[in-house]
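K.L.:
Below: one structure in structure tokens.
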Amino acid sequence: MGVFLWHQWARFMAISGSIYLIWAGFWGIFYRKFFWDFVGGVRMNTETQKGIIPGPNAAPFIAIIVTVPLVQILSMVFGTCTLMMELPPPFLKNMAIYRSMIVRIILLLVQTFLGALFYQGTNGAIWSLIAAIAYTRAQMKGEIFEEARENRGKGGAA
């Protein structure tokens, strides 16, 4: 049996979470729902309104998720950036940002926060959080990217 490489597993989890969040962002634009509306909400069961009516403390989140789909668009942007870090185009392979696990961890944590805010992005947020934890574990164990090491300092030959 071989050695378990945390950064390879984290890469697959990050790709899965990013693709899921990009797709969830598209769905979230058309079907807007603030996931945490049940916190402080009031249950209504009348002729005109049924379900949970969010409390007044959720108004800023309703504004950036339901009124203007800012969170969905930002999650698609961060998902695309993370996907470009994990499946890099040739021009990105030569840059130092591609070799950095810290940048990947930060992107995944921001992606996790954004995905957890709207209903369609919760699964992608969980996968992104698991990928961030796995990258952190790889960083603590001292793992390095072999492909990134080979591409260090090679201008245009990647």
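The values are calculated or read from the model by the stated rules, or taken from the named source; none is laboratory data. Bear in mind that the values here come from a model prediction, so they are computed numbers and not experimental data. Neighbour counts run over all protein chains shown; Cβ positions are idealised from the backbone, glycine included. Please note that ligands, DNA and RNA were not included when accessible areas were found on the heavy atoms of the full protein model with its side chains. Shrake-Rupley method; radii C 1.70, N 1.55, O 1.52, S 1.80 Å.
K.L.:
Going through 61, 91 one at a time, which residue ends up being part of a helix (DSSP H, G or I) and surrounded by fewer than 14 Cβ atoms within 10 Å (Cβ to Cβ)?
P.N.:
Of the residues listed, the single one that is part of a helix (DSSP H, G or I) and surrounded by fewer than 14 Cβ atoms within 10 Å (Cβ to Cβ) is 91.
K.L.:
Which of the numbered conditions does residue 74 fail, given that it passes all the others? Conditions: (1) at pLDDT below 80; (2) under 18 Å from residue 125 (Cβ atoms).
P.N.:
Failing condition for residue 74: (1).
K.L.:
Could you check residue 18 against (1) open to solvent by 80 Å² or more (accessible area, probe 1.4 Å); (2) modelled with pLDDT of 90 or more; (3) in contact with a Phe, Trp or Tyr (Cβ under 9 Å, 6 or more places away or on another chain) and say which number it fails?
P.N.:
(1)
K.L.:
May I pose another question? Condition first: under 18 Å from residue 126 (Cβ atoms), among the hydrophobic types (A, V, I, L, M, F, W, C) and not in a loop (DSSP other than H, G, I, E, B). Can you find one or more residues in region 36-50 that meet it?
P.N.:
The initial filter retains those residues of region 36-50 that are under 18 Å from residue 126 (Cβ atoms), namely 36.
Then drop every residue that is not among the hydrophobic types (A, V, I, L, M, F, W, C), which leaves 36.
Still in the running and not in a loop (DSSP other than H, G, I, E, B): none.
The answer is no; no qualifying residue exists.
K.L.:
For the subset of region 29-55 comprising residues that are open to solvent by 60 Å² or more (accessible area, probe 1.4 Å) and under 21 Å from residue 114 (Cα atoms), which member is modelled with the highest pLDDT?
P.N.:
Within region 29-55, the match that is modelled with the highest pLDDT is 30.
K.L.:
Let me ask something else about it. Residue by residue through region 115-147, note down the ones that are acidic (Asp, Glu) and not in a loop (DSSP other than H, G, I, E, B).
P.N.:
Here is the first cut: in region 115-147, the residues acidic (Asp, Glu) are 143, 146-147.
146, 147 - these are the residues of region 115-147 that are acidic (Asp, Glu) and not in a loop (DSSP other than H, G, I, E, B).
K.L.:
Give me a count of the residues in region 64-75 that are in a helix (DSSP H, G or I), in contact with a helix residue (DSSP H, G or I) (Cβ under 6 Å, 6 or more places away or on another chain) and not hydrophobic (A, V, I, L, M, F, W, C).
P.N.:
Within region 64-75, the first condition is being in a helix (DSSP H, G or I), and the residues that meet it are 64-67, 70-75.
Then keep just the ones that are in contact with a helix residue (DSSP H, G or I) (Cβ under 6 Å, 6 or more places away or on another chain); that gives 64-65, 70-72, 74-75.
Those left that are additionally not hydrophobic (A, V, I, L, M, F, W, C): 72, 75.
Final tally of qualifying residues: 2.
K.L.:
Of the residues that sit in region 116-146 and are within 13 Å of residue 6 (Cα to Cα) and in contact with a Gly (Cβ under 8 Å, 6 or more places away or on another chain), which one is most open to solvent (accessible area, probe 1.4 Å)?
P.N.:
Looking at the filtered set, the residue picked out is 130.
K.L.:
Just to be sure, is residue 108 modelled with pLDDT of 85 or more, part of a helix (DSSP H, G or I) and in contact with a Gly (Cβ under 8 Å, 6 or more places away or on another chain)?
P.N.:
On the way: modelled with pLDDT of 85 or more: yes; part of a helix (DSSP H, G or I): yes; in contact with a Gly (Cβ under 8 Å, 6 or more places away or on another chain): yes.
For residue 108, the condition - modelled with pLDDT of 85 or more, part of a helix (DSSP H, G or I) and in contact with a Gly (Cβ under 8 Å, 6 or more places away or on another chain) - is met.
K.L.:
Which residue, of 78, 26, 12, is part of a helix (DSSP H, G or I) and crowded, with 16+ Cβ neighbours inside 10 Å?
P.N.:
Values: 26 fails: crowded, with 16+ Cβ neighbours inside 10 Å; 12 fails: crowded, with 16+ Cβ neighbours inside 10 Å.
Just one listed residue meets the conditions, 78.
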